[in-house]
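Structure first, then comments.
Coordinate-derived values only; no laboratory data. Quantities reported herein were computed from a predicted structural model and do not represent experimental measurements. Don't worry about glycine lacking a Cβ; one is built from the backbone with ideal geometry, like all the others, and counts go over all protein chains shown.
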Amino acid sequence: MSDNFDYDLIVIGAGSGGVRLSRMSAQRGARVAVVESRYLGGTCVNVGCVPKKLFVYGSHAGEDIQDAAGYGWTVPNEQVSFDWPTLVANKNAEIERLNGIYQRMLENAGVTIIQGTASFKDAHTIAIGDRIVTAKHITIATGSWPVTPEIPGKECILSSNEMFYLPQLPRQAVVWGGGYIAVEFAGILAGLGVETTLIYRGELFLRGFDDDVRRFTADELRKKGINLKFNVTIESVQAEGSHYSVALTDGSTMTTGLVMAATGRRALVDGLGLEALGVNMTGSGHVEVDDRFQTAVPSVSALGDVIGTPQLTPVALAQGMVLSRRLFGDGESDMDYNCIPTAVFCQPNIGTVGLTEAEAREAHGKLRIYRSEFRPMKHTMTGRDERSLMKLIVEDESDRVLGAHMVGPEAGEILQGLAVAMKAGATKADFDRTIGIHPTSAEEFVTMREPVAS
């Protein structure tokens, strides 16, 4: 390591990828500092995955209480109530606990934490306010930020960031968008008793997911009382007292107590001075890197949401491990983006890994499609009209499983195990030889014998 710099590595951004890179590099003997302007843990811990999942749990508890009647429990309706400020306060306490854990992890690894906003002075120097620090290597790990379209009344619209700190719940809400954030928040709001409408400009939400999953999820969300309005978008929002008037492109208007936009995210590079430094940007506004996370400036690298790879916490964590090994280890590690599993925590959940049917048909020859729809065992006694979907996509010639998709309770938990099998190259015959765990929903993945399409 060079002694000509204050640090061997400065990481700008203490989100999932930045923290992992900082810790692993420090444990390899590097002198490391991480600069953070907001909160340790980044989007995921503070205004993303973690608090969102806690809200999902909270919003689903009402159904669990109702379903208990089918199993002999008596819960008088007049004694059941929900208090939004309590959920928010308990969530805040948990996030504060996690912030403390992240701080201790960094400090115990020997990483210097610098609070403030960084900007580049040159390829080895950054400024944080009046403080100037230098490093042999500098990594940009600043993540992404919600984007709201420029329409009249934009100032009336909340992003996912603000949703985690609402002082009170509205009676009606409009969620604008068709990605996983929009779908998840629509489910959270509806589960907490809010009359919820989801508005999306396309024919069907969750673009990029398997079409069967998209259609099935739309049907299930409608059963939950969510009003899905496709092929339309918001033209303007106007405040009217304590409510908002939402004008749509089909000429109709809606009155609601809250408008949330989940219409995309942009790379958070404001004020870094990347253009003057010579760091190139992609057409989508992300930091351009090669397959080793190197920018056009040799001493500067980047990882995570800011480079436009899948915006998933485990992806950023893996990138941090790879980059640390490249900078301070043997340099032999590569990033593999194939077969990345993911989940959408709508209600019911979505879990998916591998190719969609459309992707598989485009990239491979003859396929075999296995699909099963059923009512989960739990609801045979609750009477709830909720169904699950499971789907396998198999390459006919090799018998290899190319894609696995599920909509149903605990889909993410179930698909994690299938992701391991598929990463190892499992075939449909391997699935068929596997003994199921009975009685579970998961066993359906190893008992589907007859293809429904080819």
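Tabulated data
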{"read-out": "Net charge dipole size for the chain [Lys, Arg +1 and Asp, Glu -1 on Cβ; Debye, nearest 20]", "value": "380"}
{"read-out": "Among the listed pairs LYS53/LYS136; LYS154/LYS223; LYS53/LYS224; LYS53/LYS223, those beyond 29 Å (Cα-Cα)", "value": "LYS53/LYS136; LYS154/LYS223"}
{"read-out": "Nearby lysines by direct alpha-carbon distance to LYS428 (threshold 27 angstrom, same-chain neighbours under 8 apart not counted)", "value": "LYS366, LYS391"}
{"read-out": "Label point distance in nm, ASP385-ASP83, each placed 7 Å from Cα along Cα→Cβ", "value": "3.5"}
{"read-out": "Fully extended contour minus Cα-Cα distance, from GLU195 to THR255, at 0.36 nm per residue", "value": "20.5 nm"}
{"read-out": "For the chain, share of DSSP beta bridges that run antiparallel, in % to the nearest 5", "value": "65"}
{"read-out": "Contour minus Cα-Cα distance for ARG97 and LEU166 (0.36 nm per residue)", "value": "22.8 nm"}
{"read-out": "Furthest towards positive pole of dipole, ALA358, GLY383, PHE431, structure part segment 342-446, Cβ charges", "value": "GLY383"}
{"read-out": "Cysteines (scope the chain) whose Cβ has no counterpart Cys Cβ under 4.7 Å", "value": "CYS156, CYS339, CYS346"}
{"read-out": "Of ILE393, GLY417, VAL407, farthest towards positive along the dipole that unit charges on Lys, Arg, Asp, Glu beta carbons give segment 342-446", "value": "VAL407"}
{"read-out": "Charged-residue dipole, Cβ positions (Lys, Arg, Asp, Glu), segment 342-446 about Cα centre, Debye nearest 20", "value": "140"}
{"read-out": "MRE, 222 nm, helices only [DSSP H, n ≥ 4, -39500 (n - 2.57), over the chain, to nearest 500]", "value": "-9500 deg cm²/dmol"}
{"read-out": "Where trypsin sites (Lys or Arg not before Pro) in DSSP loops with at most 12 other Cβ within 10 Å are excluded, longest remaining stretch of the chain", "value": "1-170"}
{"read-out": "Reach of LYS378 by Cα under 18 Å, taken over aspartates and glutamates that are not fewer than 8 positions away in the same chain", "value": "GLU63, ASP64, ASP67, GLU220, GLU386, GLU410, GLU413, GLU443, GLU444"}
{"read-out": "Fraction in percent of alpha-carbon pairs per bin - 5 Å, segment 50-207", "value": "1, 6, 11, 14, 14, 13, 12, 11, 8, 5, 2, 1, 1, 0"}
{"read-out": "In segment 364-454, the GluC sites (Glu not before Pro) that fall in loop regions by DSSP, at most 10 other Cβ within 10 Å", "value": "GLU397"}
{"read-out": "Ellipsoid semi-axes in whole angstrom, largest first, where each is sqrt(5λ) of the Cα gyration tensor of segment 342-446", "value": "24, 15, 12"}
{"read-out": "Student exercise, segment 154-263 dipole from Lys, Arg, Asp, Glu Cβ charges, in Debye to nearest 20", "value": "120"}
